[in-house]
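See below for the structure under consideration.
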Amino acid sequence: MASVPLESYLMLSAILFCIGVVGVMIKRNPIVIFMCVELMLNAVNLTFAAFSRYRDLGDASGQPLPSASHYVDGQIMIIFVMAVAAAEVAVGLGILVSIFRNRVSINVDEIDLMKG
Amino acid sequence: MNGQLILFALMATIAVVCALGVVILDNPVRSALCLVLVLFSVAVLFFTLHAVFVGAVQIIVYAGAIMVLFIFVIMLLNLGTGEVDKDRLALPKWAAYLGAAATLSVISAALVGVPQSYIHPRLADHLTGPDTIGMELFQANWLFPFEVISILLLVAAIGAVMLAKKRI
């Protein structure tokens with residue numbers, strides 16, 4: 001079975017991650033910043049899925065081990081990452097709503113109450 | 001070129017172009033729609049990696065629930081008008097691009113060290129459905145982390161309600 005090499009998935013997720021990093025650094029709208037964080041989390045999820053699929057479970061001759069036929073740890077980590085992302089979005093958007101209620105503007109340059 | 005490579009190239013192109021759209025477009029609603037496309041293409045990539053359940057959860061939870069939350073907050077706060085003052089950046093933009101390029105080059109350099117035995121999949125061609133995930137999650141080593149993450153979700157839900165309430 002000829003398939004896509006692992007490096008392609010890893011490279012794609014690295015590119016997506018770096019696009020997310022740029023977005024977090026240059027955007028001023030906190031909602032778009034959250035979206036870029038989601039983008040980075042998705043890139044990491046893709047890495048998890050790729051490594052989970054391509055994980056070397058065989059013995060020396062390349063035969064899959066019968067006891068290790070259901071190794072899905074990477075995919076379970078994806079589910080945990082999704083749960084953390086959902087929690088983060090819920091709390092973050094709640095914070096945004098409450099900031100907007102108190103200060104009308106939510107430009108991140110103007111939210112500097114905690115600046116020392 | 002076989003079918004898998006064509007599908008991967010198509011989905012990777014959609015994902016990268018739409019991810020650039022998330023960053024480049026000024027209107028938050030357009031960014032959100034681009035992000036939906038990214039999430040869908042990543043879900044298709046999950047399917048190509050035989051992670052069927054995770055791909056379905058990606059579509060339902062991410063592209064469904066979380067994006068609805070984003071759009072809802074954009075509409076609620078009336079943010080769909082684009083950014084007004086972009087000249088107040090504390091950091092010059094080229095520094096962000098430079099940092100991201102440095103990160104990408106470091107990751108690419110790390111990819112050289114991936115062992116060659118990982119390049120081709122050796123797993124049997126079975127799809128990972130909900131049954132496999134459920135057995136692993138509830139019977140094997142992942143039960144305690146699962147409980148912890150459920151408590152985290154509960155705390156986050158309560159915290160979001162407390163934050164969004166008018167008067168605490």
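Given the residues B:LEU20, B:LEU35, B:LEU39, which is the only one that is within 7 Å of chain A (Cβ to nearest Cβ) and over 24 Å from B:ILE60 (Cβ atoms)?
B:LEU20
Please state which one of A:ILE19, A:ILE33, A:ILE26, A:ILE15 is in contact (Cβ under 8 Å) with a residue 40 or more places away in the chain and of a type in the set (A, V, I, L, M).
A:ILE33
If the Cβ limit is 7 Å and pairs must be 6+ apart or interchain, which residue in the range B:129-143 that is closer than 15 Å to A:MET77 by Cβ and facing chain A (nearest Cβ under 10 Å) pairs with which residue that is buried (at least 19 other Cβ atoms within 10 Å of the Cβ) and aromatic (Phe, Trp, Tyr)?
Once the first residue is closer than 15 Å to A:MET77 by Cβ and facing chain A (nearest Cβ under 10 Å) and sits in the range B:129-143, its partners that are buried (at least 19 other Cβ atoms within 10 Å of the Cβ) and aromatic (Phe, Trp, Tyr) give B:ILE133/B:PHE53; B:GLU136/B:TRP142.
What is the residue count in the range B:55-69 for residues that are surrounded by 14 or more Cβ atoms within 10 Å (Cβ to Cβ), more than 13 Å from the chain's Cα centre (by Cα) and more than 7 Å from chain A (Cβ to nearest Cβ)?
The number of residues fulfilling the criteria is 1.
For B:THR103, indicate whether it is at pLDDT below 90 and more than 18 Å from A:GLY74 (Cβ to Cβ).
Yes, satisfied.
Could you say whether any residue in the range A:1-14 is closer than 19 Å to B:ALA95 by Cβ, facing chain B (nearest Cβ under 7 Å) and either part of a helix (DSSP H, G or I) or under 18 Å from the mean Cα position of the chain (by Cα) (or both)?
For the range A:1-14, residues closer than 19 Å to B:ALA95 by Cβ, facing chain B (nearest Cβ under 7 Å) and either part of a helix (DSSP H, G or I) or under 18 Å from the mean Cα position of the chain (by Cα) (or both): absent.
Hey, B:LEU91 hits all of (1) modelled with pLDDT under 75; (2) at the interface with another protein chain (Cβ under 8 Å from one of its Cβ atoms); (3) surrounded by 11 or more Cβ atoms within 10 Å (Cβ to Cβ) but one; which does it fall short on?
With respect to (1) modelled with pLDDT under 75; (2) at the interface with another protein chain (Cβ under 8 Å from one of its Cβ atoms); (3) surrounded by 11 or more Cβ atoms within 10 Å (Cβ to Cβ), B:LEU91 is out only on (3).
Might you let me know whether the range B:20-40 holds any residue that is over 20 Å from A:VAL89 (Cβ atoms) and hydroxyl-bearing (Ser, Thr, Tyr)?
The answer is no, given that none of the residues of the range B:20-40 is over 20 Å from A:VAL89 (Cβ atoms) and hydroxyl-bearing (Ser, Thr, Tyr).
Find the residue count for the range B:57-87, including only residues that are of a type in the set (Phe, Trp, Tyr) and either modelled with pLDDT of 90 or more or under 19 Å from B:ASN27 (Cα atoms) (or both).
Taking the range B:57-87 first, the residues of a type in the set (Phe, Trp, Tyr) are B:62, B:70, B:72.
Retained after the next criterion (residues that are either modelled with pLDDT of 90 or more or under 19 Å from B:ASN27 (Cα atoms) (or both)): B:70, B:72.
So the count comes out to 2.
The values are calculated or read from the model by the stated rules, or taken from the named source; none is laboratory data. For clarity, every value in this text was computed on a predicted model and none was experimentally measured. Backbone-built Cβ (ideal geometry, glycine too); neighbour counts: all protein chains shown.
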